[in-house]
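Have a look at this one before I ask anything.
Coordinate-derived values only; no laboratory data. Source: prediction; values computed, not measured. Don't worry about glycine lacking a Cβ; one is built from the backbone with ideal geometry, like all the others, and counts go over all protein chains shown.
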Amino acid sequence: MTTARADTVRQAGLLVVVLGLLTTLGPLSIDLYLPAFPALQRQFGADDGAVQLTLAGMTVGLALGNLVTGAWSDRVGRRRPLLVATSLHVVVTFACAVAPTIEALTALRVIQGVAAAGSSVLVLAIARDVSDGPALVRLVSRITLVTTTVPLLAPVAGAALLPLVGWRGIFAVLGVFAALVLAVTAAAVPETRRTLGSDDRSPLSRALAVLRDPGFRIATLLGAMTYAGVYAYVAASPLLLQGVHGISPTQFAIVFLANSLGLVVGVQTSAVLHRRRPHAPVLAGFAALTAVAAIAIVPLQHAGAGIAGLLGCLWLFVMGCGGCFAGAAGRALRDQSAQAGTATSVYGFSTFAAAGLVAPVAGAIGLRDATPTAAVLAATAVVGTTAAVLMFVRDRP
């Protein structure tokens, strides 16, 4: 390999790592404090729904941030909005560490979500700027590998930190990590938008142009249901597994780690399959797996499978969701090179809006057993599978 070629490979590898770290800010902002849910309840005297709103607030913020950041980047480039959003994330994360009430924490989580969205939506736009077609899916899969691998240990770290520094210290640690990511981003991520200011259309006009693509709409529906399912699982699992089944914070962290590994398995299996087969059948297969796993939870509970049956179904559900992530995003952005930032805004808003609306539903119903969680997961999985089948029919040669 020539020196120039080696430098190019190293630069590409560094870009993937940095983009992956940027996209971890959202998941880490969620996963790291999950073991602290019972501690939040005790300190603030809050019920299940109020604590889950701190998670829902984050997802609402993610939706709002996605709505505006990508379209802004189509006008001014990717780098400036990326640095602004990441800087805001650092400041607000430290503010979460000193929140005086559960209501204040929830409000700050909305702003934290807006900031984290800037990272996630712009990473997808940058990926679309520098790649296309199957190469785009591979790049998104590599970024997603970093995104899913780094937060794997987050609940374990959160459980270890909780008795040492409390939930406030967990947010302080997250703020330090975000500051380090900001520094690396400023040094390593170049401007990738090549036609700054060349599009005189309004953001609404660009968004409508994106939405006129039926393939984008179908892929976005699949992505929205995948995110909604994952976030519903994340929101319900601490209260279901610790509150209903009585496992300890450390045991919960280990379970969450195992399920996160399932997500990684899904992401990487999908990346391999996408090299050999068309997108649509691969996505349909993974979506169907999520539906089967979610629907099986209640019958297995009635059959006496206990927590082992529940954990097995949750692992398969999360693995199936992992298999849908990169493919759904890649298909949605496939024909949107002219307005990649706007397309990622619309896609990101749709996915996180769905997640924000769906995540607290099981907690609002009440988590006396696994039935509410199973019903929510099954609903997202069935709608997602329908979208994947429609994609298969549309994209079939």
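Using a/c under 1.5 as the rounded threshold, could you call region 270-332 rounded, prolate or oblate? The axes a ≥ b ≥ c are square roots of the C-alpha gyration tensor eigenvalues, and prolate needs a/b larger than b/c, oblate otherwise.
prolate
While we're looking at this one, here's another question. How many nm separate the modelled label positions at Gln43 and Leu211, each set 7 Å beyond the Cα in the direction of the Cβ?
Result for the modelled spin labels: 4.0 nm.
Still on this structure, please answer the following. Of the listed values (1) 23.9, 75; (2) 23.5, 79; (3) 20.0, 63, identify the label whose number matches Rg and Dmax of the Cα atoms in Å calculated from this model.
Of the labelled values, this structure produces (3).
When the Cα centres of region 280-299 and region 66-110 are compared, how far apart do they sit, in Å?
Each part's Cα centre sits 34 Å from the other's.
Another question, then. If you count, for each residue, the other Cβ atoms within 10 Å and average over each peptide, how do 298-304, 326-332 line up from highest to lowest?
Highest-to-lowest ranking by the protection proxy: 326-332, 298-304.
Between Ala135 and Val272, what FRET efficiency comes out of the Förster formula 1/(1 + (r/R0)^6) with R0 = 22 Å and r the beta carbon distance, rounded to 0.05?
That gives a FRET efficiency of 0.90.
Using a Förster distance of 35 Å, how high is the FRET efficiency between Ala258 and Glu191, based on the Cβ-Cβ distance and rounded to 0.05?
With R0 = 35 Å, the Cβ-Cβ based efficiency is 0.30.
What number, rounded to the nearest 500 deg cm²/dmol, is the helix-based mean residue ellipticity at 222 nm of the chain, given -39500 (n - 2.57) per DSSP H run of at least four residues and division by all its residues?
The helix contribution divided over the chain gives -28500 deg cm²/dmol.
Then there is this: Shape of region 217-264 from its Cα gyration tensor (a ≥ b ≥ c, root eigenvalues): rounded if a/c is under 1.5, otherwise prolate when a/b > b/c, or oblate?
Judged from the Cα gyration tensor, region 217-264 comes out oblate (a/c at least 1.5, b/c at or above a/b).
Another question, if that's okay. So which DSSP H runs in the chain come out at 30 Å plus along the axis (Cα) with average Kyte-Doolittle of at least 0.5? Kindly include the intermediate steps, with their values, before the conclusion.
Working: long enough: 3-31 (41 Å, 0.94); 48-76 (42 Å, 0.71); 102-130 (42 Å, 1.37); 154-188 (36 Å, 1.91); 214-237 (34 Å, 0.94); 249-276 (41 Å, 0.84); 306-333 (42 Å, 1.54); 371-395 (35 Å, 1.30).
Those that clear 30 Å and a mean of 0.5 are 3-31, 48-76, 102-130, 154-188, 214-237, 249-276, 306-333, 371-395.
How many nm is it between the label spots at Glu103 and Arg368, if each spot is 7 Å from the Cα in line with the beta carbon?
If labels sit at Glu103 and Arg368, their model points lie 3.0 nm apart.
Take every Cα pair under 8 Å in the chain that's 6+ residues apart, average their separations, divide by the length, and report that relative contact order as a whole percent.
28
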